[in-house]
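Okay, so here's the structure we're looking at.
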Amino acid sequence: TFRNWPHVFRAGSATAPVLLMLHGTGGNEEEIARLADSLDPDATVLAPRGRVIEGGMLRWFRRISEGVFDVDDVVLRSAELVVFLAGARAHYGLGERPVVAVGFSNGANIALATALLHPEAIAGVVAFSGMFPLTGRDVTADLSGTGVLLLNGRSDPMAPLASVTVLAAALAAAGAEVEQHVRDGGHGVTQPDVVAAQSWLARRG
Ligand code: MLT
């Protein structure tokens, strides 16, 4: 799937992290690649385009309604993303360099699902306005060694705190090292979120 999959790639410094940038619903790879610049201008950036279209908007997996996901599709699309990543690793000579998935909203949800289902593919996750993407599934993978930064707004109807709490517990139970920031406000990437992500990446990325 790598060959026909539209994406942005920018090589960065060898000592800076490799960031897999995953856009939200209605976003695209160019727009989310720009967020990488504010997180770490030296990062290597890989930003694929979501392969599901909903009402003309790009996203990562199908949903039944807002906040109600087609979990079978989440599982399928996560596996596709892992195949894309393997293709990109080979094509761009990334070798075994750790990849941190950074996503906003629907992009955060696919990043989290991919880390939960395929922890060997993803070293860390920065999730802006993410929630638990695998309702009804048991998480059996071992995420020890995986770092996860969860950035959420206290009043976010699209990523309700109850789901974020389930998410943080599932990640911690699987052995991930979870850092969680809950700020005032709703869905979005705020300046304090960006600062928290910068500092987390500088420590862990
Ligand atoms: C999702 O579908 O992943 C969430 O509802 C967030 C979004 O609207 O992208």
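Values as computed for the structure displayed
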| quantity | calculated |
| --- | --- |
| The stretch 1-63: trypsin sites (Lys or Arg not before Pro) in DSSP loop, at most 13 other beta carbons within 10 Å | ARG3 |
| Extension reserve of the GLU177-SER38 stretch, reckoned as 0.36 nm per residue once the Cα distance is removed | 47.7 nm |
| Exposure proxy order (Cβ contacts within 10 Å, fewest to most) of MET21, MET158, MET57 | MET57, MET158, MET21 |
| Cβ-based net charge around GLU179, under 12 Å, with every Lys or Arg adding one and every Asp or Glu removing one | +1 |
| The chain, relative contact order in percent, only Cα pairs under 8 angstrom and at least six apart counted | 18 percent |
| DSSP H segments from the chain that extend 27 Å or more along their own axis, Cα-based, with Kyte-Doolittle mean of -0.5 or above | 71-91 |
| Interchain or long-range residues, amide H under 5 Å from PHE69's placed H | ILE64 |
| Given the chain, longest segment not containing exposed loop GluC sites (Glu not before Pro) (DSSP; at most 14 other Cβ within 10 Å) | 121-205 |
| Fraction of antiparallel bridges per DSSP, the stretch 7-204 only, in percent to nearest 5 | 25 percent |
| Net charge dipole size for the stretch 7-204 [Lys, Arg +1 and Asp, Glu -1 on Cβ; Debye, nearest 20] | 140 debye |
| Neighbour net charge for GLY153 - beta-carbon separation under 14 angstrom, K R +1, D E -1 | -1 |
| Sparsely packed trypsin sites (Lys or Arg not before Pro) within the stretch 122-205, loop by DSSP, other Cβ within 10 Å at most 13 | ARG154 |
| Residue among LEU143, LEU19, LEU94 with the largest mean-square fluctuation in a Gaussian network model of the chain, springs linking Cα atoms under 10 Å | LEU94 |
| Under 14 Å, Cβ to Cβ, from ALA14 - net charge with Lys/Arg +1 and Asp/Glu -1 | -1 |
| Approximate spin-label separation THR190-ALA16, in nm, with each point projected 7 Å along Cα-to-Cβ | 2.7 nm |
| Full-extension gain in nm, THR135 to SER199, via 0.36 nm per residue minus C-alpha separation | 20.0 nm |
| Directionally averaged projected area (convex hull, Cα atoms, the chain), nm² | 10.0 nm² |
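FYI, it's all coordinate maths here, none of it is from the lab. Just so you know, these numbers come straight off a predicted model, no measurement behind them. Note that we place each Cβ from the backbone using ideal geometry, even for glycine, and neighbour counts take in every protein chain shown.
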